[in-house]
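Below is one structure, written out as structure tokens; comments come after it.
The values are calculated or read from the model by the stated rules, or taken from the named source; none is laboratory data. Keep in mind the model is a prediction, meaning the values are calculated, not measured. Don't worry about glycine lacking a Cβ; one is built from the backbone with ideal geometry, like all the others, and counts go over all protein chains shown. Accessible surface areas use protein heavy atoms only, side chains included; no ligands, DNA or RNA. Shrake-Rupley method; radii C 1.70, N 1.55, O 1.52, S 1.80 Å.
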Amino acid sequence: MLSLYPTPNATPLSSPTTFSPSFSPPRSTRFRMSHGSLPPLPENRIVLSVGTVGVDFLAAVASYPNPDDKIRTTSLTVQGGGNAGNALTCAARLGLSPRLISKVANDTQGRGILEELQADGVDTSSVVVSEEGNSPFTYIIVDNETKTRTCIHTPGYPPMIPSDLSQTSLSSALDGARVLYLDGRIHETALLVAQEAARKNVPILVEGERIREGLDDLLKLADYAICSAKFPQAWTEAASVPSALVSILVRLPKIKFVIVTLGEDGCIMLERSVDEAPQTEEMDVDSLLELLKQRKDDKIAIPTCVSLPVTKLRANGVGTVCGRLFVGTAEKVPPSELQDTTGAGDSFIGAVLYAICSNMPPEKMLPFAAQVAATCCRACGARTGLPHRTDARLASFLS
């Protein structure tokens, strides 16, 4: 299959370097299960997202270059990217019906972005196409030695503004939606959609990747939040991650749960409890986290989850909140299978969207999302390794 995207300044690559412009993941019957063994799809599986899409140029190298170095790639992959685009692609492969509000230019890259999303089942009818400008793209250096990636992003132009989205398009996009996901970008348009979603009682999931302009306004409307490892403390200035999670629930009374993803260290989730029993014990949240960590079984390779009953959680200098603390583990992916962590967080969010639509309890949601993210990391790029619902590696988590 030929790539939908042009590779800038590309020259023929000779062996042992390989050129992999195709974005279709390899199909293997070894990892597929029959549809008859799957649980039914969620009754309401429409998810809407406002956020970024783009093209990723992934150059894998033996090791990250030093200044002024000239090195060769070990492989080059060109595929769609962007937080919202990746998360919705994941959601579509899991069986949801995603819709996207975003903006691209009417250039080769923009057309390729839309064609790839449509091929995966993402509804792009609300994506604005500008006749001028450029579509977003990102150069990604994948370090084979350290298994890390470095992203160099070029935003699209002109940027999306609220007037780009008609009232008709907004109403149509939100019609029947089970949940709205905001990746924190194009914040003015995202706020417009979020306000309408809140008016219609559509739950809102907001991603806190880093502090961004307008993000505070989105978080005030959020029912759920998923954060990167550094975001909770950066946003709250709390002394620890657990204290920061308590602070988020104190500052944002609408939030039902907040999750912080920690890469190979799994994740931590704090779920608010609205029914506080009179005898609920009060505990220091940092001490409770250490207690939960001791309950993990590090010998288990697949993702797991540990938790304690509803507790009044205290964070010094912050306050208290009644809720449940969960610790989710990540899959122990063998080094020989770990290829690239690009898009791992996006795939985690895509799986959480599925879990919300399916009304999964946290004990099931966190291991499921971790398994989806681990599967994504077994291929180069954010989308190549995204599993389909029929992937046998998901069977035990979906049953």
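Go through (1) over 27 Å from Val61 (Cβ atoms); (2) buried (at least 19 other Cβ atoms within 10 Å of the Cβ) for Gln118 and report which single condition fails.
Only one criterion is unmet by Gln118, namely (2).
Here's the yes/no breakdown for (1) assigned to a loop (DSSP other than H, G, I, E, B); (2) under 24 Å from the mean Cα position of the chain (by Cα); (3) within 12 Å of Leu48 (Cβ to Cβ):
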position	(1), (2), (3)
Thr168	no, no, no
Ser171	no, no, yes
Thr189	no, yes, no
Val193	no, yes, yes
Glu196	no, yes, yes
Asn201	yes, yes, no
Leu205	no, yes, yes
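I'd like the full set of residues that are acidic (Asp, Glu) and in contact with a helix residue (DSSP H, G or I) (Cβ under 6 Å, 6 or more places away or on another chain), limited to the range 214-255.
Within the range 214-255, Asp217 is the sole residue that qualifies.
Answer yes if at least one residue in the range 214-234 is closer than 29 Å to Leu58 by Cβ, in a loop (DSSP other than H, G, I, E, B) and acidic (Asp, Glu), and no otherwise.
The answer is no; no qualifying residue exists.
In contact (Cβ under 8 Å) with a residue 12 or more places away in the chain, open to solvent by less than 30 Å² (accessible area, probe 1.4 Å) and not hydrophobic (A, V, I, L, M, F, W, C): does that describe Asp164?
no
From the list Glu213, Glu188, Glu145, which residue is acidic (Asp, Glu), surrounded by fewer than 18 Cβ atoms within 10 Å (Cβ to Cβ) and at pLDDT below 95?
Of Glu213, Glu188, Glu145, the one residue that is acidic (Asp, Glu), surrounded by fewer than 18 Cβ atoms within 10 Å (Cβ to Cβ) and at pLDDT below 95 is Glu145.
Okay, residues lined up against (1) farther than 21 Å from Gly345 by Cβ; (2) surrounded by 24 or more Cβ atoms within 10 Å (Cβ to Cβ); (3) touching a helix residue (DSSP H, G or I) at 6+ places or on another chain (Cβ under 8 Å); (4) at pLDDT 95 or above:
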residue	(1), (2), (3), (4)
Arg45	yes, no, yes, yes
Val50	no, yes, yes, yes
Val53	no, yes, yes, yes
Gln79	no, yes, yes, no
Ala91	no, yes, yes, yes
Arg111	yes, no, no, yes
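Provide a single number: the residues in the range 342-396 that are open to solvent by less than 20 Å² (accessible area, probe 1.4 Å), under 30 Å from Pro309 (Cβ atoms) and more than 12 Å from the chain's Cα centre (by Cα).
11
Cβ-Cβ below 6 Å, separation at least six or inter-chain, first residue in the range 334-361 and closer than 21 Å to Ile300 by Cβ and in contact (Cβ under 8 Å) with a residue 12 or more places away in the chain, second open to solvent by 30 Å² or more (accessible area, probe 1.4 Å) and outside any helix (DSSP H, G or I): which pairs?
Glu337/Arg378; Leu338/Lys147; Phe348/Thr261
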